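Engineer: I'd like to ask some things about the structure below.
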Amino acid sequence: MTDFSEYFSLLDDTPFEETPVDLDTFIGPGYLGGRFVLSEIQRDLVESMSQIYTMEDCIRILGQEAGVQHYQKYTKKEVILQLGKGSSRGTDEVFLPEHGKWVPIQDLQSSPNNYVLGSNDGCVENQYATESFIEGSDVVWEVEFERGLTMGVTMDHSFYNKRMERVKLSDLKIGDRIAVSTKTFVTNPVRLPDGEAKLLGYWIGDGCMPKDQTGFRMLNMDFGDKDVQSMQEYLEITHDIGDNPKVTVHPNGKAMSCVRSHSCDQALKIANKHNLWGKRAHDKVVPDAIWNAPDDQVAEFVSRLWGCDGTVYMKKSGPMVHGALEYCTVSKELAVGLQRLLTRFGVLSSLRSRYPKYTYNGERKTGQLTYYLTIADKTGVERFHKNIALLDKQDMLDEAVRSYANKTASTNYQGDMFFARLKSVKEVGPMPVFTMTATQTSNFIQNLVLNGNSGK
């Protein structure tokens, strides 16, 4: 039998004296013999680490308002556990459901205590997050998933597999599937004036708003010969706001009508309010007000946008023929924004880009880089059809849905998640990296990808 008496006797000998001090004395200039001084951020983390109360305890002790404020300001023990673990580049974006905005994770350092979307058993839910913080510089890898989704992360950053288990990038291989969100929602929507969401959809889709030149103001909308309902509705909306546009046959002989406003003070005010006046095709984005609008007005915006500039067609894939929806634009920001906006209806579209080829005066030419947003699967087309009407293109949308009637939906959809295939991993190089912690689900949605709290 081993004799531990010698070790026990050593434990009885206390080679130092304990002297309680306050935090600032503990981490001040004398800390570790003056060889190390904590920064203000590190001081905050040390102080926060000692706050071990739950929100319920804080409310019980301090009352509702003071308790919540104390918890949000000080309780960051989850953050402490994540230091030095997985993280992402600062420009990747987190969704804030209180405002309907996508915000770079690096910007959340200056506005802590946000609510973000995460997933509980595959269902999206709103949850409290402490804050984002920089972890320093590390090697970042550009990760591309199916549906055109990308992220820049470190090798120890964690995702979720089809069993909803955490898996680090370093443990994934090409072809593996990880969870991405098909669903977002807004908790405090703000309605736009009647007709305004539709008007914004029309203008973003096919509107032309040159900047003022010597006081001359002009707002054009082009409608094809089949866009009868759309043009009638547009004229009704513009009349309601006091505009009286002129309708003419397109001057170059196309089978189109040009709705042209020369005196459009009220329309100009609306365009300026949403920062649209003077925007060309490359500059167009989803207006800020649409992100925080209620679902019915988001649907109206998408309907008019897609009705103007999108298509619905029958796509042949081998012996099968099925319906597809496609929207193309030269604005990357608009394409990415529309892809994310469609998740308000559970629709996860595919995003790709290419340089289109065309023939002009017998000469083959290459066009400018164009982004294509496509919905070409049973679940996506049916969800779009359920939530969004397309006026003049509705018959084509109905036909697209019917083409999937006898087809089986993809098993890669589970709850609010779609499990997208990993397509490529490329080293980008060292750069500043950031992370954050969400408290309820220990995960959060970033760039539509479900991310685990780093290191957990």
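The values are calculated or read from the model by the stated rules, or taken from the named source; none is laboratory data. Note that the structure is predicted; figures quoted are calculated from it, not measured. Here the Cβ is made from the backbone with ideal geometry for all residues, glycine too, and neighbour counts use every protein chain on show. Please note that ligands, DNA and RNA were not included when accessible areas were found on the heavy atoms of the full protein model with its side chains. Shrake-Rupley method; radii C 1.70, N 1.55, O 1.52, S 1.80 Å.
Engineer: I want to verify the translational diffusion coefficient of the range 291-408 in µm²/s; compute it with Stokes-Einstein, Rh as the Kirkwood radius over Cα pairs, at 37 °C and 0.692 mPa s.
Structural biologist: The diffusion coefficient I find is 217 µm²/s.
Engineer: Additional query: Would you calculate the separation in nanometres between label points at residue 386 and residue 62, each defined as 7 Å from the Cα along the Cα-to-beta-carbon direction?
Structural biologist: Between residue 386 and residue 62, the simple spin-label model gives 4.3 nm.
Engineer: Here's something else I'd like to know. Please compute the modelled spin-label separation between residue 24 and residue 395, points set 7 Å along Cα→Cβ, answer in nm with one decimal.
Structural biologist: 7.8 nm
Engineer: Sticking with this structure for a sec: Can you give me the accessible area per residue for the range 331-456, using a 1.4 Å probe, in Å²?
Structural biologist: Per-residue value: 44 Å².
Engineer: In what sequence, highest mean first, do 308-318, 411-421 appear when ranked by Cβ atoms within 10 angstrom?
Structural biologist: 411-421, 308-318
Engineer: Between residue 353 and residue 246, with labels modelled 7 Å along Cα→Cβ, what's the label distance in nm to one decimal, could you check?
Structural biologist: 4.0 nm
Engineer: Please list, in order, the residues from the range 380-397 whose amide nitrogen is less than 18 Å from a point placed 7 Å along the Cα→Cβ vector of residue 321.
Structural biologist: So the set is 395-397.
Engineer: Just subtract the alpha-carbon distance of residue 440 and residue 414 from 0.36 nm times their residue separation and send over the number in nm, one decimal.
Structural biologist: Extra length from residue 440 to residue 414 when fully extended: 7.3 nm.
Engineer: OK, next. What is the gain in length, in nm to one decimal, between residue 269 and residue 314 on full extension, counting 0.36 nm per residue of separation less the C-alpha to C-alpha distance?
Structural biologist: 12.2 nm
Engineer: If you don't mind, another one. For residue 173 and residue 368 in one chain, what is 0.36 nm times their gap in residues minus the Cα-Cα distance, to one decimal in nm?
Structural biologist: 66.8 nm
Engineer: Could I ask something else about it? Per residue, how many Å² of accessible area does the range 253-314 show with a 1.4 Å probe?
Structural biologist: Dividing the accessible area of the range 253-314 by its residue count gives 42 Å².
Engineer: Right, next: Quick check for you: with a 1.4 Å probe and neighbouring chains kept, what is the accessible area per residue of the range 83-212, in Å²?
Structural biologist: 39 Å²
Engineer: How big is the Rg/Rh ratio for the range 221-377, C-alpha atoms only, Rh by Kirkwood, two decimals?
Structural biologist: Computed over Cα atoms, the ratio is 0.98.
Engineer: What translational diffusion coefficient, in µm²/s and rounded to a whole number, does the Stokes-Einstein relation yield for the range 143-211 at 37 °C and a viscosity of 0.692 mPa s, taking the hydrodynamic radius as the Kirkwood radius over Cα pairs?
Structural biologist: For these conditions, the coefficient is 203 µm²/s.
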